[in-house]
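Participant: Provided herewith is a single structure, encoded as structure tokens, for subsequent inquiry.
Bear in mind these aren't lab numbers, they're just calculated from the coordinates by the rules spelled out. As the structure is a prediction and not an experimental result, all values here were calculated from the model. Reconstructed Cβ throughout: ideal geometry from the backbone, glycine too, with neighbour counts over all protein chains shown.
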């Protein structure tokens, strides 16, 4: 009996130990998987290296000493005043920092930076005899170019383009004893300038440190004034729109290209780059033949005119750097940016020069539509745009002569104009976390629609408090789908809440008790045929071609709907009416989409309004609603911005872009809190989190209480993963990781950003805190500390 | 047609993402989609691949006309390229390039003319098809000489019944299987791939396309011989556009004009095919996780699971020189870490894409799943699902894992989310089985009670007492005419001939009751499409368009009633319009009974018992059809033959009414738009 009992015990022990081992093995397998999770740099080492060398990252500065030496010896010029005078560049303005030389024949300038003795030129220096025909040469030496059309034959494929010197049909000396050999190619033979009849007359006089010029392009009857004022930082260029006169009924002026060759570099001779404010910021290093060109409208395309440029230029600037940390300039378009294109051409088959400059549009071509099928012809309006053109060129030296210096100088300009002010959220000395919640969405049902409730106010309260319990005290709450109208494609929302007003007031109180903020999402610019708040006949704008701004789309259910652009006046009316109700709900304001970029020109009755008009109305909306949270705002909305949402770490990724740089973050850091796009949809893992730390971006998530798949039959299915059950730990872990770095630089600005080695970035802040980010696959030692692969270190 | 529809949807979705204001960050110049079978459409997903680099030259070699790309186990890339020296002569070669070392060599220089196909065999040798030289070659590496030398030449077969003297032979692409049998794709050849033994002996054709079995083609096959079909109707199978081989040696083919790809087994039968695909695929490649990559002429890259389900669709056409997009892609290859290499013949560039963390997770899960390690694949699938809750393949993977673990309840839930009918049915069978077993005592008790009740009922008539209130109610309601007329429907059901006579002659029904029955039918139909269990129900509730359903039900009924009345009034029918209406309404009663019944039982059935569902459904349909005949016959007082003729003419008339209405609609809208255009032009020019 005892034996049997013993056997049973042994058997039981065996069974127990087998199950324990099994359970252990099973568990350890799970851990293995966890550890083996692939990451984006978990690839072949050479692929990881290529990735770090790609334009998704900022690259190391030029290290090739031969190239730098060649540049300094052969491509930095320092012509004397007399030498410049010999090719008709007369010193017209001077202050303690700069000397400005002006050529009355070609409307060209040279600017000597007295600090570095660097001579900037608006003509293509380093000319070689093989550079092409006289027309190209004249274009290369001209300070202005114009585009125009014949009124009898307006066609976008038939735009004429002339520069000052091509109009004057200028010729050059081949021999001139007064001119040194090096400058001979730019020495215009006055006998062959405008010799047959006066085609170009440029009158210039100087008063109050300002060079006032008036141009008379007689062949085509165009007249306008250009004023150039010397400032402490460089010069301002101003074109008064009222000075633009078109005398010849046969021609209409389209664009004026301003100093197209200022800062142009020849081939790969100048170690430097162009700074383009595309997306978050991009650089084009000028060390290759790209054979391509760049063209984009500031503040996005004008829907009124069917423009289709890819880049979103949210800041009205561009920059040119000639050798990092040596010489640079950037231009800030202070007035008329909405009518300006940024143009660049790169060394290729047609030109040996890289150049970047603003093109100021007087008017644009549009297409009239005369049949339902969209047939029509090109046309122009008689009236011209209502904004003047004012651009200030600022020159930077030494340590400021780089993209960080450019962004910082522009930041200073915004501060001086009282557009940016100290406003970073730093509750509890923590960085803010943006949590957006989808409250509800509408799903098609038996009759009409059915409300899919995803998160209620109590759920938000729970989640909010749970985050607080995990030491996330600085939270911004943003609500989607709060209106009975639903969420995606239902904008502008009516102020009818899905849940009670009391609920939202309670929630607001809870959030306000912690000094945190709560916003409701809204869009006053875009509506759709699914929107209930707008009326097709009264509220939808007309394009310049007098066709409604209504674009047919198909939704995911294959049903047609139309996207509408709402009349700016209607947008404003809605904002004013909503503003009254917002206080009642105790929320801090609206998180606004739409009006932050792409203001459009439109037709109303017999009147045409340009995008400056719309831009002003959008600013009025910003003013009315005071301190909203804005999605990707362009600079014209910065003044009305409390928070910057949805900052994408991206640009248009043209194949000539060499670097991605945090231009927008450097402008905002220390002044406004800016948030990432939703990290739910991050597919590249840790790399993105490091990006956030590198650029000082605060994290954001979009969350729901319910499982996301409930949204799968609604238009919100583009938010394909949101459930708090999936993201609770992610939010806490990622926030803590980011906060541990960025809490040290709250309220501080970025003053320097260096790439120490491939994938190693050192960011220095105004409070002397440095953060080193290691994107690479290897550890890196700095100041006696080892920074692990895919990690960061804060140096206090 | 279905696939075309999806293509259109996708294109629209793409344009949508470009034009709608951006809420979403695509940190690449293109959105990535996955196919979501549960909703039968595409949904956005995380970026699966990032564009890494774009190279116009490899090492120091410029690309001129890259035609095809392949990759070996050491990640050496082979690109078939040629430089056109003059109109008639080109210098061709294969570029062997290593991205890691940047080493580059040319193979076959001064020998090849215009190589268009390159392939690395299972034997490690290099196979090249030269379109201009009209030959294909096998290159072996001679380590002594350190160069590649041609070992075998694959030529146009002579003395073969397949090739006449004048027939063209233009090798375009090449591949080889595990037995090193060589398959050469011949440009424009509708017979398929030329199949060669490794030593160069031609053995026949393989994998040619079939002529689609459309109605037109079947009719033509009936009346014309092959020559006529070929010459008059161009009934020729489409030539293949590219070919690849998977890890098991199965051949995959693509065809311009046919969507997706076909995977063929050794017996030359279609083993599996893609669930969706573009119809302009230019190259296809099987990756390390046995996922299948294709690139279309418009630059869309699609990655499929080994079964042919769409995992990712991304990239696209390049207009503005953006990284990651294409102008004219010609070849795709994938290395062992799923890095994608694509060549573009317009930009003469090689682009490399690398997988993101998300794509790597999906590949991990798929590898485990393919190896049958369902349980182990649970965790990776759950992580995939966490990153994208709309990724149905993950739901299916998770469901399969639960099923394998015996957790049928959870499997059921995941199958339902994934809308995987078969999986759901299997899991439900298990769950139902458990429930049945556990509720055994209850079922037996109920049965015993029923038996006892029957026995007692035979002694004391219990039914009398049970039915008493019903009888009372019946007596009471019989006072109302409406009730009588409604109840008459059941009389019609039992005695159709007499019943319809009653409708016509004895005023036993009314227009009101007819409308009530039509409404009830509509209600039953709506309940049926909304509430039938999803394994028998192909409607997605949120996607049912109520307006469409109203039209779907009421328009045919209305057309039938009107057409039948019109036809009969000129064909000696006796029925009035109200008779036809009422008769039609009353024949819907079988369906009014059957549809709710089906809805209820659908929740208790699996596919194993699908015949029960089908049987009841077809009984309903057949009875209704029979009643239609009887109705027409009785209402119009016809014999049988004229009745059938009458029904056919009615259907024809109904169709004609539809056709004419739409023609009138089209003409009217043309007139309206003409007037609109005139007004618009006058306004603009005036």
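Participant: So what's the Cα pair-distance distribution over the range A:68-154, bin width 5 Å, in %?
Facilitator: Histogram of Cα-Cα distances, whole percents per bin: 3, 12, 19, 20, 18, 13, 6, 4, 3, 2, 0.
Participant: Looking at the calculated P(r) for chain A, what percent of the C-alpha pair distances fall above 43 Å?
Facilitator: Values: 116413 of 316410 pairs.
That tail contains 37 percent of the Cα-Cα pairs.
Participant: Here's something else I'd like to know. How many nm separate the modelled label positions at residue B:57 and residue B:656, each set 7 Å beyond the Cα in the direction of the Cβ?
Facilitator: 7.6 nm
Participant: I need to check one value: relative contact order of the range B:260-398, counting alpha carbon pairs closer than 8 Å and at least 6 residues apart, in percent. Let's see the in-between values first.
Facilitator: On the way: 264 pairs, mean separation 19.6, N = 139.
RCO, the range B:260-398: 14 percent.
Participant: What relative contact order, as a whole-number percentage, does chain B give when Cα pairs under 8 Å and 6 or more residues apart are counted?
Facilitator: Working: 1191 pairs, mean separation 59.7, N = 686.
Taking the mean separation of contacting Cα pairs over the length of chain B, I get 9 percent.
Participant: What translational D, rounded to a whole number of µm²/s, comes out for the range B:407-459 from Stokes-Einstein when the hydrodynamic radius is the Kirkwood one over Cα pairs, at 20 °C and 1.002 mPa s? The partial results should precede the final answer.
Facilitator: Values: Rh = 13.1 Å.
Using the Kirkwood radius from Cα pairs, D works out to 163 µm²/s.
Participant: Between rounded, prolate and oblate, where does the range B:512-564 land on the alpha carbon gyration tensor, with a ≥ b ≥ c its root eigenvalues, rounded for a/c under 1.5, else prolate if a/b exceeds b/c?
Facilitator: Details: a/c = 2.66, a/b = 1.85, b/c = 1.44.
Note, shape of the range B:512-564 comes out prolate.
Participant: Sticking with this one: For helix B:496-505, what angle does its Cα long axis make with the longest principal axis of chain B, in degrees from 0 to 90 and rounded to 10?
Facilitator: 60 degrees
Participant: Continuing with this model, one more query. What FRET efficiency comes out for the pair residue B:450/residue B:611, r = Cβ-Cβ distance, R0 = 22 Å, nearest 0.05? Spell out each step's value before the answer.
Facilitator: Working: r = 26 Å, r/R0 = 1.18.
That gives a FRET efficiency of 0.25.
Participant: While we're here: Hey, what's the Cα Rg ratio for the range A:506-662 versus the globular rule of thumb, 2.2 N^0.38 Å?
Facilitator: On the way: Rg = 17.7 Å, N = 157, 2.2 N^0.38 = 15.0 Å.
My calculation over the Cα atoms of the range A:506-662 gives 1.18.
Participant: Turning to a different aspect of this structure: Can you give me the orientation-averaged projected area of the convex hull built on the Cα atoms of chain B, in nm²? Intermediate values should be presented prior to the final figure.
Facilitator: On the way: hull surface 183.6 nm².
Averaging across all directions leaves 45.9 nm² for the Cα convex hull.
Participant: Another question, then. Once the convex hull of the alpha carbons of the range A:95-200 is built, what does its volume come to per residue, in cubic angstrom? Could you put the intermediate results ahead of the total?
Facilitator: Values: hull volume 16.1 nm³, N = 106.
Roughly 152 Å³ of hull volume per residue.
Participant: Taking only the alpha carbons of the range B:315-403, what extent do you get along each of the three principal axes, in Å, biggest first?
Facilitator: Sorted largest first, the three principal extents are 50, 25, 17 Å.
Participant: Let me ask you something else. When you have a sec, figure out the Kirkwood radius of the range B:198-242 from all distinct Cα pair distances and drop it here in Å to one decimal? Can you show the working numbers first?
Facilitator: Working: mean 1/r = 0.0798 Å⁻¹.
Value: 12.5 Å, from the Cα pair sum.
Participant: Oh, and also: Compute the Kirkwood hydrodynamic radius of the range A:624-683, taking the inverse of the mean of 1/r over all pairs of distinct Cα atoms, and give it in Å to one decimal. Write down the numbers at each step before the final one.
Facilitator: On the way: mean 1/r = 0.0774 Å⁻¹.
Computed over the range A:624-683, the radius equals 12.9 Å.
Participant: Over the range A:448-595, what portion of Cα pair distances is larger than 26 Å, expressed as a whole percent? Write down the numbers at each step before the final one.
Facilitator: On the way: 3666 of 10878 pairs.
Value for the range A:448-595: 34 percent of Cα pairs lie more than 26 Å apart.
Participant: Using r as the Cβ-Cβ distance of residue A:400 and residue B:210, and R0 as 56 Å, what FRET efficiency do you calculate, to the nearest 0.05?
Facilitator: Details: r = 71 Å, r/R0 = 1.27.
Efficiency, from the Cβ-Cβ distance: 0.20.
Participant: What list of whole percents do you get for P(r) of the range B:478-532, with Cα-Cα distances grouped in 10 Å bins up to the one holding the largest distance?
Facilitator: Spelled out per bin, shortest first, that is 24, 45, 24, 7.
Participant: Still on this structure, I have one more. So for the range B:552-686, considering every pair of alpha-carbon atoms, how many percent are separated by more than 18 Å? Numbers along the way, then the final one.
Facilitator: On the way: 6024 of 9045 pairs.
The calculated P(r) of the range B:552-686 puts 67 percent of pairs beyond 18 Å.
Participant: Considering the alpha-carbon set of the range B:219-361 alone, what are its Rg and its Dmax in angstrom?
Facilitator: 17.3, 58
Participant: Multiply the residue separation of residue A:471 and residue A:752 by 0.36 nm, subtract the distance between their alpha-carbon atoms, and state the gained length in nm to one decimal.
Facilitator: Numbers: separation 281, 0.36 × 281 = 101.16 nm, distance 3.06 nm.
Extra length available between residue A:471 and residue A:752 comes to 98.1 nm.
Participant: Say each of residue B:162 and residue B:530 gets a label point 7 Å from the Cα, pointing the same way as Cα to Cβ; how far apart are those two points in nm?
Facilitator: With each label placed 7 Å out from Cα toward Cβ, I get 6.0 nm.
Participant: What's log10 of I(q)/I(0) for the range B:343-391 at q = 0.15 Å⁻¹, Debye sum over Cα points only, no solvent?
Facilitator: Each listed q maps to, in turn, -0.51.
Participant: Please compute the alpha carbon radius of gyration of the range B:186-295, then divide it by the globular-protein estimate 2.2 N^0.38 Å. Two decimals is fine. Each step should come with its number before you reach the end.
Facilitator: Values: Rg = 15.4 Å, N = 110, 2.2 N^0.38 = 13.1 Å.
Output field value: 1.17.
Participant: Considering the convex hull of the alpha carbon atoms of the range B:105-247, report its projected area averaged over all viewing directions, in nm², one decimal. Don't skip to the end; give the middle numbers.
Facilitator: Numbers: hull surface 42.1 nm².
So the Cα hull casts an average projection of 10.5 nm².
Participant: Another one. Between 0 and 90 degrees, rounded to the nearest ten: what's the tilt of helix B:421-438 against the longest Cα principal axis of chain B?
Facilitator: 50 degrees
Participant: Moving on. Pairing the Cα long axis of helix A:403-416 with the longest principal axis of chain A, what angle in degrees results, from 0 to 90 and rounded to the nearest 10?
Facilitator: 90 degrees
Participant: Using only the alpha-carbon atoms of the range B:406-515 as identical scatterers, what base-10 log of I(q)/I(0) does the Debye formula give at q = 0.10, 0.13, 0.15, 0.20 Å⁻¹?
Facilitator: Those come out to -0.72, -0.83, -0.81, -0.97, one per q.
Participant: Using only alpha carbon positions, build the gyration tensor of the range A:360-410, then give the equivalent ellipsoid semi-axes as the square roots of 5 times its eigenvalues, largest first, whole angstrom. Before the final figure, lay out the partial values.
Facilitator: Details: eigenvalues 370, 43, 10 Å².
Three semi-axes, in Å: 43, 15, 7.
Participant: Looking only at the range A:423-449, which residues have a backbone nitrogen under 20 Å from a spot 7 Å from the Cα of residue A:494 in the C-beta direction?
Facilitator: What the label zone holds, given the 20 Å backbone N cut-off, is A:439-449.
Participant: In nanometres, what is the gap between the two model label sites at residue A:417 and residue A:306, each 7 Å from Cα along Cα-to-Cβ?
Facilitator: 3.3 nm
Participant: Turning to a different aspect of this structure: Dividing the convex hull volume of the alpha carbon atoms of the range B:587-665 by its residue count, what do you get in Å³ per residue?
Facilitator: Details: hull volume 11.0 nm³, N = 79.
It comes to 139 Å³ per residue, whole-number rounded.
Participant: Something else about it: Using only C-alpha positions, report the orientation-averaged shadow area of the convex hull of the range B:448-572, nm², one decimal. It would help to have the intermediate numbers written out before the result.
Facilitator: Numbers: hull surface 52.9 nm².
Dividing the Cα hull surface by four gives the mean projection, 13.2 nm².
Participant: Could you give the alpha-carbon Rg of the range A:594-665 over 2.2 N^0.38 Å, rounded to two decimals? Present the calculation step by step, with values, prior to reporting the outcome.
Facilitator: Details: Rg = 15.3 Å, N = 72, 2.2 N^0.38 = 11.2 Å.
So the Cα radius of gyration is 1.37 times the expected 2.2 N^0.38 Å.
Participant: Tell me, Kirkwood radius of the range B:78-125 from alpha-carbon pair distances, in Å?
Facilitator: On the way: mean 1/r = 0.0863 Å⁻¹.
For the range B:78-125, inverting the mean 1/r across all distinct Cα pairs yields 11.6 Å.
Participant: Rounded to the nearest 500, what is the 222 nm mean residue ellipticity of the protein assembly as shown from helices alone, with -39500 (n - 2.57) per DSSP H run of 4+ residues and division by all residues? Can you show the working numbers first?
Facilitator: Working: 33 runs with 492 residues, N = 1482.
Mean residue ellipticity, 222 nm, calculated: -11000 deg cm²/dmol.
Participant: A further question follows. For the range A:312-373, list log₁₀ I(q)/I(0) at each q in 0.16, 0.22, 0.27 Å⁻¹, using the Debye formula over Cα point scatterers of equal strength and ignoring solvent, two decimals each.
Facilitator: -0.72, -1.01, -1.16
Participant: Measure of size requested: the Rg and Dmax of the protein assembly as shown, with Cα atoms as the atom set and Å as the unit; please supply both.
Facilitator: 37.9, 139
Participant: Rounded to whole Å, give me the distance from the Cα center of the range B:276-340 to that of the range A:733-796.
Facilitator: About 37 Å separates the Cα centre of the range B:276-340 from the one of the range A:733-796.
Participant: When only C-alpha pairs under 8 Å and at least 6 residues apart count, what is the relative contact order of the range B:169-234, in percent? Display every interim value, and only then the final one.
Facilitator: Values: 81 pairs, mean separation 12.2, N = 66.
Reported relative contact order: 18 percent.
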